[in-house]
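Note sheet for the following structure.
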Amino acid sequence: MNKIFKNSIFNTIYTLLNVTFPIITSMYISRVLLPHGVGVVSYAQTTVSYFVAFASSGISIYAIREFAKAREDKEERNKVFTELFVFNVITSSIALVAYCVMVFVIGEFRSELMLYFCCGLLIIFQFINIDWMYQGLEQYGYITVRSFVVKTASFICILLFVKTKEDYVIYALISSLAIGSNNVFNIIHARKYVRLVRNISLKKHIAPIVYIALCVYLSAIYNKVDVSMLGIITTKESVGYYSYAHRIIEIVITLCVSVSTVFMPQMSVLYGKDKEKFERLVDIGIRVLLFISVPAAVGIFILAPQTISLMLGASFIPASATVRILTAMIIIKPMANLLCYQLIISTGNERKRLPAFIIAVVLNIGLNSFMIPLWQHNGAALASVISELAINTVLVVIIAKLVHIRVDIPTLLKVLAATALMAVPVVCAVVFIKSTVWQLVVGAVGGTIVYIGANALLKNSIMMMVFKKIASRFKKKKQTDEQ
């Protein structure tokens, strides 16, 4: 448990970097490129993401589990690494050829050749994507430092080279290079842990990877098809509103998910060995996510206009309603990440995800076809929420037959009570304060203080666990100092 706590700290710092930098970048880019420029780049990046999803073929998801199992055996570790690396090179090659054909054949893409070249670099960088190895080894310290260096450099480049709304291609290039730099650092650093070997066999990996790949690709479709359909049915401005509203929500979701992400390597090891510890991890994960995601969703819902105004500027105000619709995802997706992703993968039941993803894709395309013409970006947001809820409801029913899932009702009630109390100062800040900035600051700070205080008074189990960990650390430090 101490290792998980330490990894959670590193992963939280890493996630804070992933949260902070997009916020700062979005605040600048939204004001320079405006909704149309943001929409053009988002549409191109979404198109590329389908090919990146095929290139990755779910290898990263499968590899975290397999590499975690083999990490103690050096020979087996090298063998697994080589097999998965070669597999990734094959799928990335196919994706790259298909992408090049599409860009040169379809006139819409050919007319923006430089933009699609810059975004397409992500497929090339996918050849050397081994981030799964560091997650399997639980090297969260390295991941955090690497991320900080790359994100800082990319943000400086954006400030230096993206000056006008015509610089959207430069922005796309910097974004691709930032992601690619992580992969370059990973390959250079990998020599410390693994090496390529000759005696390998890809056959045993084909079946599980194909099943995961189908799920990943279907997931990419239902997560990205809304942006693609918006770009086809409506305008690039509407794509811009939706993309950045989604980005704000994804920032919050990423922060919520970060705490539970580190559970997967441990769950992969514990499943089948110690069922009691395995289910205890699941229980803790559920309680932690409820503790974080419920107040986050309510806070963002209340402060959506203020958040949009401060982060993106007045030109993005039409995205406020979109943000409010998408706040439901702040609760749905983190819980789904633990129960419908980590649990199914760590228990080796990835095949059971496929039917749910097929349902979700069909449902999402149908809902988008109906809702986008009526409500544009708000329609796409509503379709996403309904689809996400549908797929994860199906998956929870499936996984509940394999693993005992328990929602701690006292913890849930305490979270809901504390959230209701938290909403009071947030609403008061919106009603009684005129300045948008101070509404956001007072609402966020006041709400956080009330929420923490209420949970402490109610003796929420997660709050007590955190206090106990902090007290234990201080006690250990004091004993060390005295010695």
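The values are calculated or read from the model by the stated rules, or taken from the named source; none is laboratory data. On a predicted model such as this, the values are computed, not experimentally measured, just so you know. Cβ coordinates were reconstructed from backbone atoms using ideal geometry, including for glycine residues, and neighbour counts include every protein chain displayed.
Brief remarks on what is shown
- Any chance Ser30 is in the same structural domain as Cys340 (by TED's automatic domain parsing), modelled with pLDDT of 70 or more and over 28 Å from Ser238 (Cβ atoms): no
- When we screen Gly107, Gly136 for residues that are assigned by TED's automatic domain parsing to the domain that holds Ser60, at pLDDT below 90 and touching an Asp or Glu at 6+ places or on another chain (Cβ under 9 Å), the only hit is Gly136.
- Qualifying residue in segment 89-103 (condition: of a type outside the set (S, T, N, Q), assigned to a helix (DSSP H, G or I), closer than 17 Å to Pro208 by Cβ and touching a helix residue (DSSP H, G or I) at 6+ places or on another chain (Cβ under 8 Å)): no
- Restricting attention to segment 74-123, the residues that are within 21 Å of Gln135 (Cβ to Cβ) and small (Gly, Ala, Ser) add up to 1.
- Leading residue by the ranking (nearest to Gln139 (Cα to Cα)) among those in segment 182-226 that are in contact with a helix residue (DSSP H, G or I) (Cβ under 6 Å, 6 or more places away or on another chain) and basic (Lys, Arg): Arg195
- Selection status of Ile359, modelled with pLDDT of 85 or more and assigned by TED's automatic domain parsing to the domain that holds Leu339: no
- Hits in segment 317-356 - residues which are at pLDDT 80 or above and of a type in the set (D, E, K, R): Arg324, Lys333
- Residue among Ser8, Ser60, Ser42 that is of a type outside the set (Asp, Glu), part of a helix (DSSP H, G or I) and at pLDDT 75 or above: Ser42
- Taking the listed residues Asp226, Asp167, the one that is over 29 Å from Ala356 (Cβ atoms) and not in a loop (DSSP other than H, G, I, E, B) is Asp167, with no other qualifying.
- Qualifying positions in segment 396-443 - among the small types (Gly, Ala, Ser), in a helix (DSSP H, G or I) and surrounded by fewer than 18 Cβ atoms within 10 Å (Cβ to Cβ): Ala400, Ala417, Ala420
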